[in-house]
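Heads up: the structure comes next, in structure tokens.
Just so you know, all these numbers are worked out from the coordinates, no wet-lab data involved. Since the structure is predicted, the reported quantities are computational estimates derived from the model, not experimental observations. For neighbour counting, all protein chains shown are included, and Cβ atoms are generated from backbone atoms with ideal geometry for every residue, glycine included.
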Amino acid sequence: MATKTRFAPDRGLTSRMVLVMFLIGLLAVAFIAALVAFVPARSLPIVLIIAALILGAQFFFSDKIATFAMGAREVDRKQAPELYAIVERLCALANMPMPRVAIADTPVPNAFATGRNPNNAVICVTTGLLRNSNLTEEEVEGVLAHELSHVAHRDVLVITIASFLGILAGMVARMAFWFGLGGDRRDDRDGNAAMAQLVIMLVSVVTYAISFLLVRALSRYREYAADRAGAHLTGNPTALADALRKITGDMSKIPQQDLRAAEPYNAFYFAPALASKESLMALLATHPPTEKRIEQLNKIALELNSNRPNLH
Amino acid sequence: MGLLDTLLGRSKPVQPNLDQLFGLPSAAMTLEVNGTFRPTGYGAVCYRKAEGVAFSQVESDVEELLEGIDGPKVQVSKDKYGYTWVLCQRAQDDMTSLVNDVHAVNSALQDNGFGPYLLCTLVSFQDDRGRKLALIYLYKQGTFYPFAPLTEPQRDNTLELQIKAQLGNDLRLEKDLSRWFPVWGAPGM
């Protein structure tokens, strides 16, 4: 049955995301092929298993790790009835299970979502977002809708899988450096093993660098996607844009050393804690520039305003 | 949401499921037979107001439609979370008309592409002792749950579970209890 919708899909965003994921996959295949070629068969499974274990643990305990690192505590309905009411309504609109709700006691206005799947998700907001940031209720709601979209899109899973390659390459580089994966040194008469070790290290370092950039690009596309879905969910893209403006404005005012602790978890944040203007920084950023995000939201606002719905 | 949509991060707004609403008249009958709860004649649709003139236009069309000849008494209000409630009042025993009124709001929103903004519908009941009860319909799940408010933030969970046991045959009830969210201060209660 054709249903009527106000929203056009963003094919450009989708194809850019597909391209990045394809490149990550391609790089993974090439890297593993290089490992198979240069690393003796007996050390290869060990490296793969250790990398998988590290990543598996990070993924499985993502909710606990992130909330612990941020000093967030879970709250129940009695402790934060207003927050619960907003999240519950959004979940009912989006037809999602209710995530756990946590509050982090920091003055930086921000929010993040984590957890391995929608049933184990935690959505966390800072006290700064709730109290100090002069955000209106609709703006807070926009931020929460953005975070719920991260949960719906399973971004923790996607980014974890995408980062597997980087972790693997980093480990191989370090192991090649410390232990040498090239085989038995006693047989090393012509320097072949030393050569292989060097090649492995170089290949790993290059793979690590490229995959790092690709994962960051993917992270930025996921942010656009979460902005989109969040704006569609509340039907209020302008409020989300206003929230972005206020939060990024507030955040750049806060002194730097306060933010250092927040840095590792930026990938799951609503807006990154570190502002960057240079183009190199843009390439490394986990989040797209605020102006671009606002531009996209304005476009969605126009779609909402049009007189006729599209058939979908 | 399919695997591909997850992978590409393009969740779509969920369309409401409107069919189950028509089970309300028989549920009201069951409540009356089993106990003392009777409809108050109030029913309300709750939706999220999207920004822009297009939505406002649909909203005023809906009000006009409902206030037409022989229509229900209608009252529109906004709650503190930014959701709009359209409250309809009919005669106490006229549950069928009330459901039709509510459905008119649904179809108007859906036909204009705003179906995803429907949150819930509430129909209220009261017993001889003045206990309050609402049956709330979740559009996206297509399920109902009971809400029995005492004084905020207390709700009568015992009564809610009793009602759940009674209405299993008439309505599709929400199995996930964590989705039975309270609607304090909802109009029509």
Quiz prompt | Built amide H within the under 5 Å cut-off of A:Val108, gap 5+ | solution = A:Gly128
Practice problem: Equivalent ellipsoid semi-axes for chain B, as square roots of 5 times the alpha carbon gyration tensor eigenvalues: give them largest first, rounded to whole Å. | Solution: 27, 21, 15
Quiz item: Tell me, A:Ile50, A:Ile24 in order of fewest to most beta-carbon neighbours within 10 Å?
Solution: A:Ile50, A:Ile24
Self-check item: Tail weight of P(r) past 38 Å, computed on alpha-carbon pairs of the protein assembly as shown, percent
Solution: 36 percent
Quiz item: In 10 Å bins starting at 0, how do the alpha-carbon pair distances of region A:90-163 split up by percent?
Solution: 21, 49, 28, 3
Exercise. Could you list, in their original order, any pairs among A:Lys78/A:Lys292; A:Lys299/B:Lys49; A:Lys299/B:Lys73; A:Lys292/B:Lys12; A:Lys246/B:Lys175 whose Cα atoms are separated by more than 30 Å?
Key: A:Lys78/A:Lys292; A:Lys299/B:Lys73; A:Lys246/B:Lys175
Quiz prompt | In range of the label at B:Gln20: residues from region B:140-155 whose backbone nitrogen is under 18 Å from the point 7 Å along Cα→Cβ | solution = B:140-148
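Pop the C-beta distance of A:Ala209 and A:Arg11 into the FRET formula with R0 = 35 Å and round what comes out to the nearest 0.05.
It comes out at approximately 0.70.
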Practice problem: Could you pull out the longest piece of chain B with no exposed loop trypsin sites (Lys or Arg not before Pro) in it, calling a site exposed if DSSP puts it outside H, G, I, E, B and it has at most 11 other Cβ atoms within 10 Å? | Solution: B:1-79
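Order these by the 10 Å Cβ neighbour count, fewest first: B:Trp85, B:Trp184.
Neighbour counts put them in this order, fewest first: B:Trp184, B:Trp85.
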Practice problem: Kindly provide the helix-only [θ] at 222 nm of chain B, computed as the sum of -39,500 (n - 2.57) over DSSP H runs of four or more divided by all residues, to the nearest 500 deg cm²/dmol? | Solution: -9500 deg cm²/dmol
